[in-house]
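A short write-up of the structure that comes next.
The values are calculated or read from the model by the stated rules, or taken from the named source; none is laboratory data. What you see is a predicted model; the values in this text were computed from it and never measured. Every residue, glycine as well, gets a Cβ built from its backbone with ideal geometry; the counts of neighbours run over all protein chains shown.
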Amino acid sequence: MQKGDNMKADSERAQKVYKYLAEQVGVVVRYRGNELGCEGCLRVTIGTEEENS
């Protein structure tokens, strides 16, 4: 997304991305769309070096 795009946060889309990543790719992210100020948000972090080995 570029600055100036008229795209708004979309919790439905975020939920679909979350489900796809978990079920099809095996990547665990956290859906945050239900939290105040986090509409359409996913939280992505990396684990420790051992977890990523």
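Some values worked out for this structure:
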{"read-out": "Tally, over the range 26-43, of residues that are closer than 26 Å to residue 8 by Cα and surrounded by fewer than 10 Cβ atoms within 10 Å (Cβ to Cβ)", "value": "2"}
{"read-out": "Per-region count, the range 1-25, residues modelled with pLDDT of 85 or more and surrounded by fewer than 11 Cβ atoms within 10 Å (Cβ to Cβ)", "value": "4"}
